[in-house]
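Chemist: Just dropping this structure here.
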Amino acid sequence: MTFKITHKDKHTNARIGKLKTKSGIAETPFFMPVATRGSVKFLDSKELQEINVPAVISNALIISLRNGSEIAKRFNGIKKFMNYRGINFTDSGGFQMYSDSIYLKSDLNGIHFRNPISGEKIFMTPEKDMELQLKINSDVAMCLDSMPMYNHSKAQISDAVEKTSLWAKRCKIHHDKLREKTPKQKRQLLFGIIQGGIYQDLRKKSVNELLKLDFDGYSIGGFGLGETIEEEFKIVKLIKETLPENKPVYLMGIGNPVEILKGISLGIDIFDSRMPTQNARRGTIFTSNGKLKILNEKYKFDKSPIDKNCNCFVCKNYSKAFIRYQLINEEPTGKKLATHHNIYYLTKLIEKAKQKIRQGKFSEFMKEIEKKYRE
């Protein structure tokens, strides 16, 4: 069995599970830092291991631009290439439809990209994408999807759903064919991606079409792009009511502590976002007392740590004043320390959330964190 639920919260739909992959088992829920090219900005694999980060997600399309997929293949996969002991996910590159510098257009056959390095045109079909992700040899691959923007019309989002469903079917058929001779315990898993924006009817259509294909897990895409938290979780709740309980569910692009806990309360198992690391580099730090804007002038001479309740390497050794000074001067050391703390904080937050689920006290814990972040 790919996914097994081990604990359930008494008062919410929060749950703890075990996701079994060819590299080992990861306990859910968990947060994945974004390692676009096989590395998390300003953190190496040893540091991720020390923080106890269970999984990272890389971008198959971006990795391929400088022959990274071919290099990873010669290492027998991205895990050995980046020397990481956790679970490796890869995204398909559909998210790059968000980028004007690389995206050209899409049609029913696939997506047209331009390599920003060489200028060469790339036509990414569902079949090519599956071949690429199998070459990278991640533990979990994502289907190629068409990602609409929040401000797109319903007609445009409906078109994205149509493409996503069509491509998902082609991904599944080709992926199954390519791995049919691989022993089950060594197979890469494949997740389908649900699209449909904030429209309930389109989300229902997307879910029902993907369920027919019986993926190893299901991802909820298209959020973190401007919608309100109310719009987001209205759709998440709807989707969760439709999906089978025995499949892992991944909410893509969400890395805010409050949103993560809200997602967990609805039964979400996996999260990722570039926001925690990006925000850290820009001076927004997560703490046990809410968000800290460390670039504020009032911290100029502050000798205290970022968070007195935190046991991370940064909080044990550095002051707010030092980290602020490094960040305002664009020093890599400041970016590294702030990033380390934010990833440590999120990892420990979810570990504590799991502890509270086991104790039947998750609701109180979530409300406590929400209150601190409101204040």
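Chemist: For the condition polar (S, T, N, Q), open to solvent by less than 40 Å² (accessible area, probe 1.4 Å), touching a residue at least 12 places away in the same chain (Cβ under 8 Å) and more than 25 Å from residue 149 (Cα to Cα), what is the one hit in 88, 83, 137, 76?
Modeler: Of the residues listed, the single one that is polar (S, T, N, Q), open to solvent by less than 40 Å² (accessible area, probe 1.4 Å), touching a residue at least 12 places away in the same chain (Cβ under 8 Å) and more than 25 Å from residue 149 (Cα to Cα) is 88.
Chemist: Can you confirm whether the range 296-310 contains a residue that is closer than 30 Å to residue 96 by Cα and in contact with a strand residue (DSSP E or B) (Cβ under 9 Å, 6 or more places away or on another chain)?
Modeler: no
Chemist: So, in the range 361-375, how many residues would count as being at pLDDT 95 or above and out of contact with any helix residue (DSSP H, G or I) (no Cβ under 7 Å at 6 or more places or on another chain)?
Modeler: Summing the residues that are at pLDDT 95 or above and out of contact with any helix residue (DSSP H, G or I) (no Cβ under 7 Å at 6 or more places or on another chain) in the range 361-375 gives 7.
Chemist: If you scan the range 96-154, which residues turn out to be assigned to a strand (DSSP E or B), modelled with pLDDT under 95 and in contact with a helix residue (DSSP H, G or I) (Cβ under 6 Å, 6 or more places away or on another chain)?
Modeler: 103
Chemist: Another question, if that's okay. For the condition charged (D, E, K, R) and closer than 19 Å to residue 277 by Cβ, what is the one hit in 70, 27, 50?
Modeler: Result of the check over 70, 27, 50: 50.
Chemist: If you take the residues of the range 329-356 that are over 23 Å from residue 44 (Cα atoms) and in contact with a helix residue (DSSP H, G or I) (Cβ under 8 Å, 6 or more places away or on another chain), which of them is most open to solvent (accessible area, probe 1.4 Å)?
Modeler: 352
Chemist: Then there's this: Give the residues of the range 249-269 that are touching a strand residue (DSSP E or B) at 6+ places or on another chain (Cβ under 6 Å), open to solvent by 10 Å² or more (accessible area, probe 1.4 Å) and either assigned to a strand (DSSP E or B) or farther than 15 Å from residue 140 by Cβ (or both), sorted by residue number.
Modeler: 253 - this is the single residue of the range 249-269 that is touching a strand residue (DSSP E or B) at 6+ places or on another chain (Cβ under 6 Å), open to solvent by 10 Å² or more (accessible area, probe 1.4 Å) and either assigned to a strand (DSSP E or B) or farther than 15 Å from residue 140 by Cβ (or both).
Chemist: Continuing with the same structure: With a cut-off of at least 3 residues that are polar (S, T, N, Q), name the strands (runs of 3 or more DSSP E) lying wholly within the range 1-42.
Modeler: none
The values are calculated or read from the model by the stated rules, or taken from the named source; none is laboratory data. Because the structure is a prediction, the values reported are computed rather than measured. All Cβ positions, glycine included, derive from the backbone under ideal geometry; neighbour counts span all protein chains shown. To get the accessible areas, we keep the full protein, side chains included, count just its heavy atoms, and leave off ligands, DNA and RNA. Shrake-Rupley method; radii C 1.70, N 1.55, O 1.52, S 1.80 Å.
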